[in-house]
Structures are given as structure tokens and as C-alpha cells.
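Visitor: I am attaching a structure below and will ask some questions about it afterwards.
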Amino acid sequence: LVSRKKQPKNTVIDLKGTPVGGGTQVMVAGPCSVESYDQLRTVAAALKQAGIKVMRGGAFKPRTSPYDFQGLGVEGLKMLKEVADEFGLVTISEIVHPDHMELAEQYIDVIQIGARNMQNFELLKAAGEAKIPVLLKRGIAATLEEFVHAAEYIVVKGNTKVMLIERGIRTYEKWTRNTLDISAVPLLKQETHLPVMVDISHSTGRKDILLPCAKAALAAGADGIMVEVHPDPQTALSDAAQQLDIPQFEQLWSGILHSGLFH
Ligand code: PEP
Ligand code: MN
């Protein structure tokens, strides 16, 4: 169903007036984790100011270690709704349990399925029954074929509003957290009709090469970019090393706008 051969026309997903996949690109920014109302509101205000419409923020955090911050859970989803309503933003947040799809519909606009859950088939089926769009992240060691099959699990259940996002894969390279597979963008665009985005934060794990990576993604045909932004990254409860502070984000955003690659 997701194959370009089945449907030659691009799937365009409307995020409350922001189309994704129709030839214009979308910028998704926000903290790795929702940590507090004030933290989220500070980021939201900065995004609003910069003209960004879509905010990310994790409430259920699938952390590698069980001792790390696990997220605020439902409280975090409620904060996302409150802040998004205040600033007129669209929200994306990860859902990790099939039983939480209705909660997602109640409080957020887009369900993110994380890299670690790309092949959590019960979760994919549940997302396929949800009424809101799904942003599916590529698994840390998933082939593009496996990635596309995972998307098919969602679409076959009836939810056709699926966006794919390349977030880096694991290789032997250590200078980046993961290896940004830029070829995934044209290949996924060629093989499927779904919108394809690139997460420049998790793919690099760095702050100093985000502009060239964003430009590469856009030049390769990406429909959107995701980046992590935190008011005070040093104190962040997750992914402190890769999150931009607000001035750094504004500089990146200005660089992207001036590149002429963002339409
Ligand atoms: C995230 O976007 O917050 C996240 C956990 O990313 P990933 O699933 O790609 O590791
Ligand atoms: Mn993160």
C-alpha cells in the first residue's frame, strides 16, 4: 500500500494547516523530553517567534538505561496540549504502548513511533487504528526494506497518514552518534509515496554539523527536518549533548532559510 507503484501521487498529510509531503518542507523542533511546563513553554514561545509550527517533545521516553529519566508520561502529554493550545502549535510525541493511542488522540497531534519500536508490531497495528498521523522512525539497524514494511503495518490497518523519518543507523563510526544515511531520502521517496523527513539531532548526536546535514537532507528531497531544542541543554534530562539552545536554534533556522533549500 505504501509503494509508489500502487500510488504514484505523493501522500500529503495536513498538520492543522501545515501540509507535509506536498512539495513544501516542515521544520519540527522541540526538546528531547518534556521536563516541565516552564521548559516546554519557553521552547514553544521561541518556536512561535521563529514561525515554526510543529513542536516535538517526548513524554514517554524509551531510555537505554532503566535508571535514566523515563519521561513525565501522561502529565507530559497534558503539558504538550496546554502549551500547543496557547501558541497554536502542532505537537508530536512518542507513544510506546498500544493502549496509549487514545491518550495520544486526546492530547497530541502526531504519534511518534521511536527507532527502538520500529518493529514493535503490536504497537504499529495499534497506531494503524489511530485517527491521527504517525511519524515512524527508522530502526537503529533497520534496512530500508524493513522500514517500509513497518510503515505498511500501520497503513494496512487503515491509517494512511504515515510519515517516515531517517534518524541515523548504527555503524562503526564514532564521531557521530549514528550515521545519517542520506541515501535513505531519495530511496524512500522513490519506493514509497509517503513524506520523508530527517532527524538531524539523533542521526549526528552533535550540534556543530547540523546546518550542513539539514542542507544535505533538503537537497536530497526531504519533506522535513527534525531538531532538538532545549532552553538550557546542559541541564537537560535526556540527550543533553545534542540539544541546541534557543539562540543556536535561531542561528540554524536562519541558515536553513538562507540556504534557499527550504520552501
Ligand atoms: C526521540 O526522537 O526522542 C527519540 C527517542 O528518537 P529515536 O527513537 O530516533 O532514538
Ligand atoms: Mn532525544
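The values are calculated or read from the model by the stated rules, or taken from the named source; none is laboratory data. Please read these numbers as outputs of a predicted model, since none were measured by experiment. In this analysis, Cβ positions are derived from the backbone assuming ideal geometry, glycine residues included, and neighbour counts consider all displayed protein chains.
Visitor: Given (1) outside any strand (DSSP E or B); (2) within 21 Å of Gln49 (Cβ to Cβ); (3) aliphatic (A, V, I, L, M), identify the lone condition not met by Met226.
Guide: (1)
Visitor: Let me ask something else. Across the stretch 37-78, which residue is farthest from Leu123 (Cα to Cα) among those that are free of Cβ contacts under 8 Å to residues at least 24 places away in the same chain and of a type in the set (Ser, Thr, Tyr)?
Guide: Narrowing the stretch 37-78 to residues free of Cβ contacts under 8 Å to residues at least 24 places away in the same chain: 38, 49, 51, 64-67, 70, 73, 75.
From the residues that got through so far, the ones that are of a type in the set (Ser, Thr, Tyr) too are 64-65, 67.
Working: Thr64: 19, Ser65: 21, Tyr67: 24 Å.
Filtering the stretch 37-78 for residues that are free of Cβ contacts under 8 Å to residues at least 24 places away in the same chain and of a type in the set (Ser, Thr, Tyr), the one farthest from Leu123 (Cα to Cα) comes out as Tyr67.
Visitor: I would also like to ask the following. Taking the stretch 179-203 only, how many residues are polar (S, T, N, Q) and over 26 Å from Gln242 (Cα atoms)?
Guide: Summing the residues that are polar (S, T, N, Q) and over 26 Å from Gln242 (Cα atoms) in the stretch 179-203 gives 2.
Visitor: Looking at the stretch 198-223, which of its residues are in a loop (DSSP other than H, G, I, E, B), surrounded by fewer than 18 Cβ atoms within 10 Å (Cβ to Cβ) and over 15 Å from the mean Cα position of the chain (by Cα)?
Guide: Our first condition is that a residue be in a loop (DSSP other than H, G, I, E, B); within the stretch 198-223, this holds for 205-209, 220-223.
If we keep only those that are surrounded by fewer than 18 Cβ atoms within 10 Å (Cβ to Cβ) too, we end up with 205-206, 208-209, 221.
Across the stretch 198-223, the qualifying residues are Arg206, Asp208, Ile209, Gly221.
Visitor: Still on this structure: May I ask you to list the residues in the stretch 233-258 that are away from ligand 2 (no atom under 11 Å from the Cβ) and in contact (Cβ under 8 Å) with a residue 60 or more places away in the chain?
Guide: Scanning the stretch 233-258 gives Ile246, Phe249, Glu250, Trp253, Ile256.
Visitor: Here's something else I'd like to know. Identify all residues within the stretch 229-263 that are of a type in the set (Val, Ile, Thr) and either buried (at least 17 other Cβ atoms within 10 Å of the Cβ) or assigned to a loop (DSSP other than H, G, I, E, B) (or both); write none if there are none. Please lay out each step first, then the result.
Guide: Filtering the stretch 229-263 down to residues of a type in the set (Val, Ile, Thr) leaves 229, 235, 246, 256.
Correct list: Val229, Ile246, Ile256.
Visitor: Next up: Kindly provide the set of residues from the stretch 176-210 that are in contact (Cβ under 8 Å) with a residue 40 or more places away in the chain and among the polar types (S, T, N, Q), ordered by number.
Guide: Residues satisfying the conditions are Gln190, Thr192, Ser201.
Visitor: Here is a check on your reading of the model: is Ala141 buried (at least 19 other Cβ atoms within 10 Å of the Cβ), at pLDDT 95 or above and of a type in the set (Gly, Ala, Ser)? Break it down into steps so the answer makes sense when it comes.
Guide: Working: buried (at least 19 other Cβ atoms within 10 Å of the Cβ): no; at pLDDT 95 or above: yes; of a type in the set (Gly, Ala, Ser): yes.
Criteria not met by Ala141.
Visitor: Mind checking which residues of the stretch 19-64 are of a type in the set (Asp, Glu) and surrounded by 23 or more Cβ atoms within 10 Å (Cβ to Cβ)? Show your work before the answer.
Guide: Pass one, the stretch 19-64, residues of a type in the set (Asp, Glu): 35, 38.
Once the filter is applied, which keeps residues that are of a type in the set (Asp, Glu) and surrounded by 23 or more Cβ atoms within 10 Å (Cβ to Cβ), the stretch 19-64 yields only Glu35.
Visitor: Please name all residue pairs, on different chains or six or more residues apart, with Cβ atoms under 7 Å, provided the first residue is in the stretch 103-117 and is under 17 Å from Val90 (Cα atoms) and the second residue is part of a loop (DSSP other than H, G, I, E, B) and among the small types (Gly, Ala, Ser).
Guide: Ala104/Ala130; Glu105/Ala130; Ile111/Ala130
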